[in-house]
Amino acid sequence: DGEPRSMLRINDEVRTLWPRYRVAVIEPADPRAAFPALVSGNEKHIPELYELHLQPAQRIAGHDADRLLLKARDDSRFDHVIWADHATGLLLRVDVQLAGRTLESSGFSDVNIGVKPDAAAVYNELHRADGFRIVRPAIEHTKLDAEGWAMQASLLPPGFLALDCVRRALDLPGDSAGQAKVLQAIWSDGITHVSLFIEPFQPQRHRSEGLTVIGATHTLTRRVNDMWLTAVGDVPPAALAQFMRALERKS
């Protein structure tokens, strides 16, 4: 559901077309796994963070699927129920759950497996951006300590390791310098991810602190001196608060 869009990945580049707005966004592939992928980063530690339970098989999107429960071993993450195609292992559906209640679900309603690639369809998709406004967000890879920040590892939720850190251009109203920068640092426990955004505080944009919840995605915002922090992830709010407390400005 949501706003219609079309996404096409070519090697390490992702093109996202928003037909309603006639905008095409071209940017590097996100290092975080997204459905139908599952794991990224800290894979070898997953058994330390989640218990694996085999559950009765089901039919999903017209295919026989094995059903597995990844039950969180602590309160820093949610449970995940996954359905994988029995014949190929392709992920068909993933539910994020808390105490057996589904917070968010991603899955195929219809999928064909083992069909030949249609090269013409790919080429046609490449040219669908004709007449669209092309946006290429400026993204630079960096490190938190190089930007004057540090994380107190002892305060982070267990099992989350740094995955990436980038600096992005950010258009700010009234910014006479043109474009300010926002830092995005990403952590993963191998299954789920947390992003922490750091940017200059702007009263006309950052009006209220607090928590926003959409499905399993929680967003926590907070002002710290002259900076605005935003923590986002499919994790409980307390885990996001830990990331904020662990961040410190280097002198």
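A few remarks follow.
- Scanning segment 112-161 for residues that are open to solvent by 100 Å² or more (accessible area, probe 1.4 Å), in a helix (DSSP H, G or I) and in contact with a strand residue (DSSP E or B) (Cβ under 7 Å, 6 or more places away or on another chain) yields a single hit, 128.
- Residue list for segment 73-104, filter: of a type outside the set (S, T, N, Q) and in a loop (DSSP other than H, G, I, E, B): 73, 74, 75, 77, 78, 86, 87, 89, 90, 99, 100
- Filtered residues of segment 187-212 (kept if aliphatic (A, V, I, L, M) and under 12 Å from the mean Cα position of the chain (by Cα)): 191, 194, 196
- Segment 181-214 - residue that is farther than 21 Å from residue 242 by Cβ and not in a strand (DSSP E or B) and, of those, most open to solvent (accessible area, probe 1.4 Å): 207
- Scan of segment 199-229 for residues that are in contact with a strand residue (DSSP E or B) (Cβ under 7 Å, 6 or more places away or on another chain) and of a type in the set (Lys, Arg), ordered by number: 222
- For segment 140-171, a tally of residues being at pLDDT 85 or above and either closer than 23 Å to residue 8 by Cα or in contact with a Gly (Cβ under 7 Å, 6 or more places away or on another chain) (or both) returns 6.
- Among the conditions (1) open to solvent by less than 20 Å² (accessible area, probe 1.4 Å); (2) part of a helix (DSSP H, G or I); (3) of a type outside the set (Lys, Arg), residue 229 misses just one, which is (2).
- Criterion violated by residue 52 - all others in (1) open to solvent by 80 Å² or more (accessible area, probe 1.4 Å); (2) in contact (Cβ under 8 Å) with a residue 40 or more places away in the chain; (3) of a type in the set (A, V, I, L, M) satisfied: (2)
- Subset of segment 55-88 (residues that are in contact with a helix residue (DSSP H, G or I) (Cβ under 8 Å, 6 or more places away or on another chain) and surrounded by 13 or more Cβ atoms within 10 Å (Cβ to Cβ)): 70, 72, 73, 76, 77
- Screening segment 1-72 for strands (runs of 3 or more DSSP E) wholly inside it with 2 or more residues that are of a type outside the set (Gly, Ala, Ser) and more than 30 Å from residue 121 (Cβ to Cβ) returns the ranges 50-60, 63-72.
- Enumeration of residues in segment 71-102 that are in contact (Cβ under 8 Å) with a residue 60 or more places away in the chain and within 18 Å of the chain's Cα centre (by Cα): 76, 77, 78, 80, 96
The values are calculated or read from the model by the stated rules, or taken from the named source; none is laboratory data. This one's a predicted model, so the numbers in the text were calculated from it and none came from an experiment. Cβ coordinates were reconstructed from backbone atoms using ideal geometry, including for glycine residues, and neighbour counts include every protein chain displayed. In case anyone asks, the SASA skips ligands and DNA or RNA and just uses the protein heavy atoms, side chains included. Shrake-Rupley method; radii C 1.70, N 1.55, O 1.52, S 1.80 Å.
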